[in-house]
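Novice: A single structure is presented below for examination.
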Amino acid sequence: TYFQFYGSLGYSVFYKRARFQDSIEAAFGTQSDLQLFHDGTDSYISQTNTGDLYIRQTVDDKDIIFQSDDGSGGLKSYFYLDGSIGATIVPDSTSLGFGTGGDMYISHDSTNTHISNFTGHLYITNNSDDKDVILRSDDGSGGITEYITLDGSATKVTLQKDLRADDNVKIQAGSSGDVYLLHNGTDSKIEN
């Protein structure tokens, strides 16, 4: 038995796989709204006439996993929608790239996190009126504390922790570095 019509149940059952030849669509919906298609080279899932296209996983605590070639003939999971924690996960040692040429990447190597930019300037912008950009880190005892705030309402930079310049590194003021504070490892100077 290859397939069977169940008139009393209102559906058909296939007991063997069905194969569509190249460039023959498997179409669903009264107007063939959804199509699965292979043209001999590439494969497509297309929503063509109406509505949104949903990809759903309704099993409790299960994922939707996106895999592709790993660049050396193997298979790799590049990201997945984690149903148990409700988050999109990019696995360790996999980069999330931006820009047509891969100009910027965010990655985590199981120990450290990296933001790498290869073209132009790197902007961090908060467009919310009177709000801040806050840099936070460990407070030395397992908590989190603020270190630097770019204060959008007061239009100033505020340091919440000490600022230290290493030996022979100047702290400058003025558009041309007109005045600076320096410690050379032995002596300190303020020069105008």
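Novice: Out of the stretch 146-173, which residues are exposed (fewer than 10 other Cβ atoms within 10 Å of the Cβ), in a loop (DSSP other than H, G, I, E, B) and either within 33 Å of the chain's Cα centre (by Cα) or at negative phi (or both)?
Specialist: The initial filter retains those residues of the stretch 146-173 that are exposed (fewer than 10 other Cβ atoms within 10 Å of the Cβ), namely 153, 155-156, 162-164, 166-168.
Okay, now just the ones that are also in a loop (DSSP other than H, G, I, E, B), so 153, 155, 162-164, 166-168.
Passing the criteria: S153, T155, D162, L163, R164, D166, D167.
Novice: Could I ask something else about it? Under the condition of being among the polar types (S, T, N, Q) and open to solvent by 80 Å² or more (accessible area, probe 1.4 Å), which residue from the stretch 94-111 is farthest from S137 (Cα to Cα)?
Specialist: Among them, the one singled out is T100.
Novice: Here's another thing I want to ask about it. Output the residue which, of all residues in the stretch 110-131 that are of a type in the set (S, T, Y) and in contact (Cβ under 8 Å) with a residue 12 or more places away in the chain, is farthest from S153 (Cα to Cα).
Specialist: Per the criteria, the residue is S110.
Novice: If you go through the stretch 92-113 one residue at a time, how many are part of a loop (DSSP other than H, G, I, E, B), at pLDDT 95 or above and within 11 Å of the chain's Cα centre (by Cα)?
Specialist: Adding up the residues that qualify gives 0.
Novice: Here's another thing I want to ask about it. Mind listing whichever residues of the stretch 68-92 are exposed (fewer than 12 other Cβ atoms within 10 Å of the Cβ) and in contact with a Ser or Thr (Cβ under 7 Å, 6 or more places away or on another chain)?
Specialist: D92
Novice: Only residues in the stretch 89-103 that are without any contact (Cβ under 8 Å) to a residue 24 or more places away in the chain and within 23 Å of K62 (Cα to Cα) count as the first member; pair them with residues that are part of a loop (DSSP other than H, G, I, E, B) and of a type in the set (D, E), Cβ under 6 angstrom, at least 6 apart or cross-chain, and list the lot.
Specialist: S93/D109
Novice: Which residues, counting only those in the stretch 25-47, are hydrophobic (A, V, I, L, M, F, W, C) and under 24 Å from S68 (Cα atoms)?
Specialist: To start, the set of residues in the stretch 25-47 that are hydrophobic (A, V, I, L, M, F, W, C) comprises 26-28, 34, 36-37, 45.
Correct list: A26, L34, L36, F37, I45.
Novice: Name the residues in the stretch 174-192 that are exposed (fewer than 10 other Cβ atoms within 10 Å of the Cβ) and either in contact with a Cys (Cβ under 9 Å, 6 or more places away or on another chain) or not acidic (D, E) (or both), would you?
Specialist: Residues satisfying the conditions are G174, S175, S176, G185, T186, S188, I190, N192.
Novice: Still on this structure, please answer the following. Being surrounded by 10 or more Cβ atoms within 10 Å (Cβ to Cβ) and either within 23 Å of I55 (Cβ to Cβ) or of a type in the set (A, V, I, L, M) (or both) is the filter here, so list the residues in the stretch 11-30 that pass it.
Specialist: Within the stretch 11-30, V13, F14, F20, I24, E25, A26, A27, F28, G29 meet the criteria.
Novice: Right, something else. Being closer than 21 Å to S77 by Cβ and free of Cβ contacts under 8 Å to residues at least 12 places away in the same chain is the filter here, so list the residues in the stretch 31-67 that pass it.
Specialist: S43, I45, I55, R56, T58, Q67, listed by residue number.
The values are calculated or read from the model by the stated rules, or taken from the named source; none is laboratory data. This is a predicted model, so every value here is computed, not measured. For neighbour counting, all protein chains shown are included, and Cβ atoms are generated from backbone atoms with ideal geometry for every residue, glycine included. The protein model used for the area step is the full one, side chains on, heavy atoms only, and it has no ligands, DNA or RNA in it. Shrake-Rupley method; radii C 1.70, N 1.55, O 1.52, S 1.80 Å.
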